[in-house]
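Right, one structure below, let's go through it.
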Amino acid sequence: MRIVIAFLFAFGLAARAFAADEITGPQPILPQTPLILETAKGPVRFTVEMAVNWPEQERGLMFRKSLAPNAGMLFDFMTEQEEAFWMKNTLIPLDMLFIKANGKIARIAAKAVPLSTNSVPSYEPVRAVLEIAGGRARSWG
């Protein structure tokens, strides 16, 4: 019984520690790299921020007030898995490109609604997600 109580107490402290880390502002600009998307209208060049660890991926583009037309954030999970994103604390509409390990786009979630807590799922295993300004993907056909 003492073990159960100790576990519950420790779990409560851990949960409180995580709750205290409420995200309240944008993260600093992350390391950037060039990225080229091959589209129906030809190659499109981007400069993307690389969100490679959990804290960077959790915060993503939250609280950003703008995103340049050829900028974005790439979330690389290092392995294929089903993913789901939300737009909590994200102030601008985004297109989410769910990308398979072979580089093919599995799904585009266009113009995700700012501040929404609705899940935006990949519907299949993906290696990465590229977030770009809302409406950009449509402009390439």
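The values are calculated or read from the model by the stated rules, or taken from the named source; none is laboratory data. Keep in mind it's a predicted model, so treat the numbers as computed, not measured. For neighbour counting, all protein chains shown are included, and Cβ atoms are generated from backbone atoms with ideal geometry for every residue, glycine included. The protein model used for the area step is the full one, side chains on, heavy atoms only, and it has no ligands, DNA or RNA in it. Shrake-Rupley method; radii C 1.70, N 1.55, O 1.52, S 1.80 Å.
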Legend entry - Spans of strands (runs of 3 or more DSSP E) in the range 47-139 with at least 1 residues of a type outside the set (Ser, Thr, Tyr), open to solvent by 40 Å² or more (accessible area, probe 1.4 Å) and free of Cβ contacts under 8 Å to residues at least 40 places away in the same chain: 105-112
Inset, instruction - Mind listing whichever residues of the range 76-116 are charged (D, E, K, R) and either over 12 Å from the mean Cα position of the chain (by Cα) or farther than 20 Å from Leu35 by Cβ (or both)? - result: Glu80, Glu82, Lys88, Lys100, Lys104, Arg107, Lys111
Legend entry - Pick from the range 27-46, criterion open to solvent by less than 70 Å² (accessible area, probe 1.4 Å) and assigned to a loop (DSSP other than H, G, I, E, B), ranking: farthest from Val126 (Cα to Cα): Gln27
